[in-house]
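The values are calculated or read from the model by the stated rules, or taken from the named source; none is laboratory data. Everything quoted here is computed from the prediction, not taken from an experiment. Reconstructed Cβ throughout: ideal geometry from the backbone, glycine too, with neighbour counts over all protein chains shown. When the accessible area is computed, the model is the full protein with side chains, heavy atoms only, and any ligands, DNA or RNA have been set aside. Shrake-Rupley method; radii C 1.70, N 1.55, O 1.52, S 1.80 Å.
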Amino acid sequence: MRIGVLTGGGDCPGLNAAIRGIVHRASMLGHEVTGIHEGWAGLLGAGNVAPLTSANTAGILHLGGTILGSSRTNPARSEDEMRQVEENLRRHGIGALATIGGDDTLSVSAKLSERGAAVVGIPKTIDNDVPHTEWCIGFDSAAQVVGDALDRLHTTAESHRRVMVVEVMGRDAGWLAMVGGVGGGADLIIIPEQPVTIEGVVEHVQRRMDARRFSIVVIAEGATVEGTETIDAGGRVDQFGHPQLATRGIGTRLAEAIEARTGVEARVTVLGHVQRGGSPSIFDRVLATRMGATAVEWLHEGRGGVLTASQGLEIVPVPFAEVIGHNRPIDARFYRLVRQFVLDEEPIGEG
Ligand code: F6P
């Protein structure tokens, strides 16, 4: 069998480790692998594919980005493009697909699978918001970047008695803000799932400044702070309809509002795509290797239409139907930590 592999959506550390895992396991089981370039775009038109072998995937385990390239191309927008995808799979003799992506790539995978293709999805996104998997490839590495940035910002914040606002990625989900923020000792974490008011933020920051000399506020790019205005993304959306939030300026607006209301100097750091770059953590390398190898094993057994979900110490198959169109709510056990160690409030609930 020939297995096609693609990486779609925003890149992240660990994609190459997954590709390597797929090629390694496939060659052990006697299958060939074809690399599809630039996400779904590589299956449109004449197609843009090339063989992946043990030789051309050697030495990529520790490399960030993706040797296949990625895009936010969405062929599910048109029946004609879905047909082109299927035609290219046929033309290149690809009998099964391993797709490495977030909710968008996985939604196209699910549609292809409904139409009869053998597809296994592998979850990756620094947002960590794919349902039913505790970990997505790339999240751990990105959270480390946030934590490292907070360590650095602590010292300069203290020297100047400033409020440091740190804007992190996270369109709809606050995982990166929460985990990076708790691990990096943030004083306040603002996430998309829980809108706050500027009054609440200012009160918290003021309390913190009275107790110590500085304050570190982490805010996810998709968060809402009532009482601050953000910039309209100018209607720029990708093929899946997502606005470009980095242009929204929530971190800058928040820093301005805090400074205006507290009189304390505030500065903003937008971590942006730094969070998506660099080498994967050891955790992400191992996770990606396991998910890649497992995807091949399932395709080898004739099992498709599922996601390689990380649950506890296992990689388990979760049907696309249970993943697509669902959110991943904040984990109450984790949010307990935020309440206790960041908000200084009594934790509520189990955990
Ligand atoms: O989907 C992952 C993500 O990193 C989001 O957190 C962020 O909003 C988006 O990608 C940025 O995408 P782009 O690289 O297309 O600007």
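Of all residues assigned to segment 167-178, none qualifies as being more than 16 Å from the ligand (Cβ to nearest atom), open to solvent by less than 40 Å² (accessible area, probe 1.4 Å), over 30 Å from Gly305 (Cα atoms) and part of a helix (DSSP H, G or I).
Given the criteria more than 16 Å from the ligand (Cβ to nearest atom), on the phi < 0 side of the Ramachandran plot, modelled with pLDDT of 95 or more and open to solvent by less than 40 Å² (accessible area, probe 1.4 Å), does Ala157 qualify? Judged against the criteria, Ala157 is a match.
Which residue, of Thr66, Thr99, is part of a strand (DSSP E or B), surrounded by 17 or more Cβ atoms within 10 Å (Cβ to Cβ) and in contact with a helix residue (DSSP H, G or I) (Cβ under 6 Å, 6 or more places away or on another chain)? On inspection, the qualifying residue turns out to be Thr99. Against the definition (touching a residue at least 24 places away in the same chain (Cβ under 8 Å), out of contact with any strand residue (DSSP E or B) (no Cβ under 7 Å at 6 or more places or on another chain), part of a helix (DSSP H, G or I) and closer than 30 Å to Val237 by Cα), how does Glu81 come out, yes or no? Criteria met by Glu81. Scanning segment 105-132 for residues that are closer than 21 Å to His242 by Cα and among the basic types (Lys, Arg) yields Lys111, Lys124. Restricting segment 292-324 to residues that are open to solvent by 50 Å² or more (accessible area, probe 1.4 Å) and either without any contact (Cβ under 8 Å) to a residue 12 or more places away in the chain or β-branched (Val, Ile, Thr) (or both) leaves a set whose member that is nearest to Val130 (Cα to Cα) is Ile324.
Kindly check whether there is at least one residue in segment 107-126 that is basic (Lys, Arg), part of a helix (DSSP H, G or I) and either in contact with a helix residue (DSSP H, G or I) (Cβ under 6 Å, 6 or more places away or on another chain) or open to solvent by 20 Å² or more (accessible area, probe 1.4 Å) (or both). Looking for residues that are basic (Lys, Arg), part of a helix (DSSP H, G or I) and either in contact with a helix residue (DSSP H, G or I) (Cβ under 6 Å, 6 or more places away or on another chain) or open to solvent by 20 Å² or more (accessible area, probe 1.4 Å) (or both), one finds at least one in segment 107-126, hence yes.
Here the condition is being out of contact with any helix residue (DSSP H, G or I) (no Cβ under 6 Å at 6 or more places or on another chain), assigned to a loop (DSSP other than H, G, I, E, B) and either among the β-branched types (Val, Ile, Thr) or more than 16 Å from the ligand (Cβ to nearest atom) (or both); of Gly35, Gly59, it holds for Gly59 alone. So is Gly93 surrounded by fewer than 22 Cβ atoms within 10 Å (Cβ to Cβ) and within 16 Å of the ligand (Cβ to nearest atom) or not? No: the conditions fail for Gly93.
Can you find, within segment 127-146, the residue that is surrounded by the fewest Cβ atoms within 10 Å (Cβ to Cβ) among those that are in contact with a strand residue (DSSP E or B) (Cβ under 6 Å, 6 or more places away or on another chain) and at positive phi? So, considering only residues that are in contact with a strand residue (DSSP E or B) (Cβ under 6 Å, 6 or more places away or on another chain) and at positive phi, the one surrounded by the fewest Cβ atoms within 10 Å (Cβ to Cβ) is His132. Taking residues in segment 156-169 that are under 24 Å from Ser141 (Cα atoms) and in contact (Cβ under 8 Å) with a residue 12 or more places away in the chain, and partners anywhere that are open to solvent by 10 Å² or more (accessible area, probe 1.4 Å) and among the acidic types (Asp, Glu), the pairs with Cβ atoms closer than 8 Å and at least 6 places apart or on different chains are Glu167/Glu221; Val168/Glu221; Met169/Asp127; Met169/Glu221.
Residues of segment 183-204 that are crowded, with 22+ Cβ neighbours inside 10 Å and part of a helix (DSSP H, G or I): Val201 alone. With respect to (1) free of Cβ contacts under 8 Å to residues at least 60 places away in the same chain; (2) under 29 Å from Gly8 (Cα atoms); (3) not in a helix (DSSP H, G or I), the lone exception for Val218 is condition (1). Inspection of segment 339-348 finds no residue satisfying the criterion of being within 16 Å of the chain's Cα centre (by Cα) and open to solvent by less than 50 Å² (accessible area, probe 1.4 Å).
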